[in-house]
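Student: Following this message is one structure expressed as structure tokens.
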Amino acid sequence: MTNRLIERDITAAPGDATLKQLSTKHRSLWLDVWNQFRNHTGALIGVAVLAVIVIAVVLGPSIHDIDAQRLDPRIANEGPSLEHPFGTDNLGRDLLAQVLAGGRVSLAVGVVAMLISLVVGTLIGVLAGFSRMLDGPLMRLTDLFLALPLLPLLLVIILLFRDALRTALGPEAGIFLLMVFVIGITSWMQTARIVRGDVLSIKEQEFVTAARSIGTRKRRVITRHILPNVMSPIMVSATLGVANAIITESALSFLGLGFPPDFPTWGRLLFDGTNFMTLTPERVIWPGLAISLTVLSVNYIGDGLRDALDPRLRGR
Amino acid sequence: MFRYIVRRLLFAIPTLIAISFIVFAILDLAPNDPTGNLPLTIPPEVREQIRESLGLGEPFHIRYVKWAEQFFINEPLNILEETTGLKIGDSENRLRVRSWATRSPVVDLIVQRLPQTLWVVGLSYLVGILIAVPIGIISAYRQYSLFDQIGTFVSMVGFSVPTFFTGLLAIVVFSVNLDWLPSIYDTTLKVTNWSTFMQQVRQMFMPVMVLALFNAAQLSRFMRSSMLDNLNLDYVRTARAKGMGERAVLLIHVLRNSLIPVVTLIALGIPTIFSGAIITEQIFRVNGIGQLLIIAIQGADIPLVQTLTFIFAVLIVLFNLLADVAYGVLDPRVRYD
């Protein structure tokens with residue numbers, strides 16, 4: 001109560017020195033989390049590296065404005081130069097421009113696929129954990145999905161539907177939607193299981209019983225009391241989901257069944273570079289390094305978040 | 001426990017039937033024509049006959065039941081005959097799942113390819129576990145120490161860098177620049193004496209190590225976090241309060257308890273590394289079942305893809321079951337009945 005009064009006073013008179021002092025004592029959950037996160041050096045470096053990669057990929061093409069698809073056989077297979085910092089490929093395309101363009105697609109695939117799998121996973125996890133009637137069927141569905149051999153199935157699905165979707169939705173949107181959809185729809189199971197487990201234990205705790213006993217509606221119990229408490233595993237699996245989606249996309253492209261060569265991603269560039277590995281190893285190294293650094297920094301952020309969001313570890 | 005296993009086995013049957021149906025249905029929706037790669041000079045009537053001979057004239061459900069009969073009844077009978085030497089029924093005329101590309105039975109193709117995969121995958125998993133467990137223990141016990149920082153960093157790198165990049169890097173460094181190891185797996189090599197044995201070791205070294213480091217990275221993370229979960233628990237404090245030595249607390253109390261989820265994860269991870277081997281086999285040109293799958297997919301060899309994908313599914317279901325049973329056996333707190 002006093003806390004709330006003080007906060008109100010701060011907003012009324014922000015310049016007052018004594019109140020400012022008092023306000024530093026106010027601690028919110030997210031401030032605590034941030035304080036713990038700050039102590040995780042790896043996670044901070046991860047945030048920095050990821051920020052650099054994202055900025056480079058988003059703003060890079062407007063600074064390094066060579067068209068990624070411009071062919072120039074006269075400068076094929078060149079090493080790094082001032083004009084082409086990463087060198088050129090066997091058709092004379094600029095490698096830096098290709099890596100930047102590929103990164104946009106790879107990152108977009110990672111984020112969108114993660115969002116799909118997160119929404120599906122959280123929904124199924126909460127429903128299964130909260131409703132005893134749905135628990136059985138939903139968990140059997142999860143088991144069924146976990147038993148599917150994902151990589152072979154993904155390869156098969158992409159092989160079969162790639163051309164159909166490319167003609168239906170256009171070459172770029174078609175393959176993008178297909179990849180995002182199949183990756184998202186095949187990676188929600190872990191999130192669902194973790195969320196279900198947490199919901200099962202949280203819904204038996206006293207504060208949920210208290211909320212129910214004063215007549216809180218079920219939907220409100222879920223959104224107000226249960227979801228905030230499962231936010232930490234959801235956030236951790238979100239970060240790991242991005243990394244997982246990027247890896248899956250690259251693996252599919254690496255096997256030649258992902259994005260087409262005229263719409264490259266990092267995985268596709270790696271696949272195309274494999275045959276020229278002895279001649280121009282940088283064609284393998286740069287896209288591979290981009291994938292690895294992105295996934296590494298995302299994983300570090302996830303690790304830092306996990307430590308920061310776990311109240312048992314906080315403050316150690 | 002026994003009742004639980006029986007119940008799980010009974011549940012595995014509808015799961016596998018559902019999966020086989022899903023796999024079959026997805027492949028049947030294929031818009032690509034298996035005769036599409038044949039020369040254009042073949043007249044349409046002949047093309048239709050070829051389609052008939054491939055069994056494509058029948059409606060979907062009949063083809064599914066036929067495939068299921070061939071896979072679930074005829075192939076096991078064949079294996080039984082070959083191992084026991086018995087003759088069961090009309091074995092010459094028994095229909096088998098045949099590859100469209102080679103016209104030989106799919107199971108024979110898989111049996112030819114399986115040893116290479118098992119050697120590479122099995123060894124790499126074993127090496128991975130041997131690396132991972134000690135690293136996980138020390139990392140957790142000395143959390144945030146220098147060893148933990150380095151171990152965590154290395155395993156994060158190993159876990160994040162995909163095998164198709166580490167594999168290619170290893171080839172660039174060890175095969176192209178240093179010329180120590182062969183980059184392509186020689187599948188015709190027969191181990192007869194010491195020098196061919198060494199050759200086999202050298203050609204297996206890179207694929208095994210690339211996969212092993214990847215597995216070790218993942219497992220050591222799990223090992224570490226499982227140890228950390230246990231290290232903060234009350235029973236550890238009790239053990240220390242009783243005056244037990246740190247070694248006993250760590251290696252007897254904490255390690256045993258933290259190995260329970262790790263053993264489960266090891267069992268759960270076996271099928272996924274088979275699919276991880278698809279990529280590794282592709283990089284190093286190992287002629288295992290992963291490479292067979294890629295060839296089959298590229299050649300639209302539907303029966304082969306169906307059977308291989310389904311075998312991957314069987315592996316997953318089997319090892320899931322094993323993991324759950326192991327969990328029940330190892331952890332007395334888990335009671336299934």
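Student: With r defined as the distance between the Cβ atoms of B:LEU130 and B:ILE252 and R0 fixed at 30 Å, what FRET efficiency is calculated, to the nearest 0.05?
Tutor: The computed FRET efficiency comes out at 0.90.
Student: Suppose R0 equals 51 Å; then what is the FRET efficiency for A:VAL52 and A:ILE185 from their Cβ-Cβ distance, rounded to the nearest 0.05?
Tutor: 0.95
Student: Next up: Summing -39500 (n - 2.57) over the DSSP H runs of n ≥ 4 in chain B and dividing by its residue number, what mean residue ellipticity at 222 nm do you reach, to the nearest 500 deg cm²/dmol?
Tutor: Dividing the helical sum by the residues of chain B leaves -23500 deg cm²/dmol.
Student: Dividing the alpha-carbon Rg of segment A:221-316 by 2.2 N^0.38 Å yields what?
Tutor: 1.47
Student: Test of understanding: what is the full-extension gain from A:LEU289 to A:THR223, defined as 0.36 nm times their sequence separation minus their Cα-Cα distance?
Tutor: Between A:LEU289 and A:THR223, full extension yields 19.7 nm more.
Student: Then there is this: B:SER145 to B:ASN232: extension gain in nm, 0.36 nm per residue of separation minus the Cα-Cα distance?
Tutor: 29.6 nm
Student: So, one more: Return P(r) of segment A:176-249 (all Cα-Cα pairs; 5 Å bins starting at 0; whole %; ordered from short to long distances).
Tutor: Percent of pairs per bin, in order: 3, 14, 22, 17, 14, 11, 9, 6, 4, 1.
Student: Go ahead and collect, in residue order, the members of segment B:200-234 whose backbone nitrogen is under 19 Å from a label point 7 Å along the Cα-Cβ direction of B:ARG240.
Tutor: Zone members listed by number: B:224-234.
Student: How far apart, in nm, are the 7 Å Cα→Cβ label points at A:ARG140 and B:ARG8?
Tutor: Once both label points are built, they end up 1.8 nm from each other.
Student: I'd like the FRET efficiency for A:ARG70 and B:ARG47, computed as 1/(1 + (r/R0)^6) with the beta carbon distance as r and R0 of 45 Å, rounded to 0.05.
Tutor: Here the calculated transfer efficiency is 0.60.
Student: Could you go through segment B:14-25 in sequence order and give the Karplus-derived ³J(HN,Hα) for each residue, using 6.51 cos²θ - 1.76 cosθ + 1.60 with θ = phi - 60°, rounded to whole Hz, and x for Gly and Pro?
Tutor: Working through the residues one at a time gives x, 4, 5, 5, 4, 5, 4, 5, 4, 4, 5, 5 Hz.
Student: Just how far, in whole angstrom, is segment A:241-307 from segment B:280-337 if you go by their alpha carbon centroids?
Tutor: One Cα centre to the other: 24 Å.
Student: Can you tell me how much longer the chain between B:MET198 and B:LEU322 gets when fully stretched, taken as 0.36 nm per residue apart minus their C-alpha distance, in nm with one decimal?
Tutor: Here the segment from B:MET198 to B:LEU322 would lengthen by 41.1 nm.
Student: Where nothing but the Cβ of Lys and Arg (+1) and of Asp and Glu (-1) is charged, how large is the charge dipole of chain A around its Cα centre, in debye to the nearest 20?
Tutor: The calculated dipole for chain A is roughly 1720 debye.
Student: Could you tell me the center-to-center distance, by alpha carbons, between segment B:157-233 and segment A:24-64 in angstrom?
Tutor: One Cα centre to the other: 33 Å.
Student: Then there is this: Return one quarter of the surface area of the convex hull spanned by the alpha-carbon atoms of segment A:33-192, equal to its mean projected area, in nm².
Tutor: 14.1
Student: I've got another one for you. Please state the equivalent ellipsoid semi-axes for segment B:133-183: what are the square roots of 5 times the Cα gyration tensor eigenvalues, largest first, in whole Å?
Tutor: Those come to 30, 11, 9 Å.
Student: Right, another one. Based on Cβ point charges of +1 for Lys and Arg and -1 for Asp and Glu, what charge dipole magnitude is obtained for chain B about its Cα centre, in debye rounded to the nearest 20?
Tutor: About 1220 debye.
Student: Per the Kirkwood formula on distinct C-alpha pairs, the Rh of chain B is how many angstrom?
Tutor: 23.4
Student: A further question on this structure: Enumerate the calculated ³J(HN,Hα) couplings along segment A:208-215 in order (Karplus 6.51 cos²θ - 1.76 cosθ + 1.60, θ = phi - 60°), each rounded to whole Hz, writing x wherever the residue is Gly or Pro.
Tutor: Ordered by residue, 3J(HN,Hα) equals 6, 4, 4, 4, 5, 5, 8, x Hz.
Student: How compact and how long is the protein assembly as shown, expressed as Rg and Dmax of its alpha-carbon atoms in Å?
Tutor: Rg then Dmax for the protein assembly as shown, in Å: 27.6, 97.
Student: Projected onto the charge dipole of the protein assembly as shown (+1 at Lys/Arg Cβ, -1 at Asp/Glu Cβ, origin at the Cα centre), which of A:TRP34, B:LEU322, A:PRO171 gives the Cα projection farthest towards the positive end?
Tutor: Farthest along the dipole direction, towards plus: A:TRP34.
Student: Stokes-Einstein at 20 °C, 1.002 mPa s, Kirkwood radius from Cα pairs: D for chain A in µm² s⁻¹?
Tutor: The calculation lands on 95 µm²/s.
Student: Still on this structure, please answer the following. How would segment B:270-311 be classified by its alpha-carbon gyration tensor: rounded, prolate or oblate, with rounded meaning a/c under 1.5 and the a/b versus b/c comparison settling the rest?
Tutor: Oblate shape, in that a/c is at least 1.5 and b/c is the bigger or equal ratio.
Student: Let me ask another. Going by Cα centres, segment A:111-175 and segment B:124-142 are how many Å apart?
Tutor: Segment A:111-175 and segment B:124-142 have Cα centres separated by 33 Å.
Student: Taking only Cα atoms of segment B:236-337, what ratio of Rg to Rh do you get with Rh as the Kirkwood inverse-distance radius?
Tutor: Using only Cα positions, Rg/Rh for segment B:236-337 is 1.24.
Student: Hey, what number do you get for chain A at 222 nm if only DSSP H runs of n ≥ 4 count, each worth -39500 (n - 2.57), divided across all residues, to the nearest 500?
Tutor: Result for chain A: -24000 deg cm²/dmol, rounded to the nearest 500.
Student: Between B:ILE184 and B:PHE21, with labels modelled 7 Å along Cα→Cβ, what's the label distance in nm to one decimal, could you check?
Tutor: Output for this residue pair reads 4.5 nm.
Student: Quick check: pseudo-label points 7 Å beyond the Cα along Cα→Cβ at B:LEU80 and B:ARG63, how many nm apart are they?
Tutor: 2.9
Student: Given a cut-off of under 8 Å on Cα pairs at least six residues apart, what relative contact order in percent is computed for chain B?
Tutor: About 25 percent, as a whole number.
Student: I need to check one value: relative contact order of chain A, counting alpha carbon pairs closer than 8 Å and at least 6 residues apart, in percent.
Tutor: Answer for chain A is 24 percent.
Student: Search the structure for amide H atoms under 5 Å from the amide H of B:ARG98, placed 1.01 Å from N in the peptide plane, and list their residues when 5 or more places away or on another chain.
Tutor: Close amide H contacts, sequence-distant or interchain: B:VAL106.
Computed from the coordinates by the stated procedures, all read-outs in this text should not be read as laboratory data. Owing to the predicted nature of the structure, the values given are computational and were not obtained by experimental measurement. Note: ideal-geometry Cβ built from the backbone for every residue, glycine included; neighbour counts use all protein chains shown.
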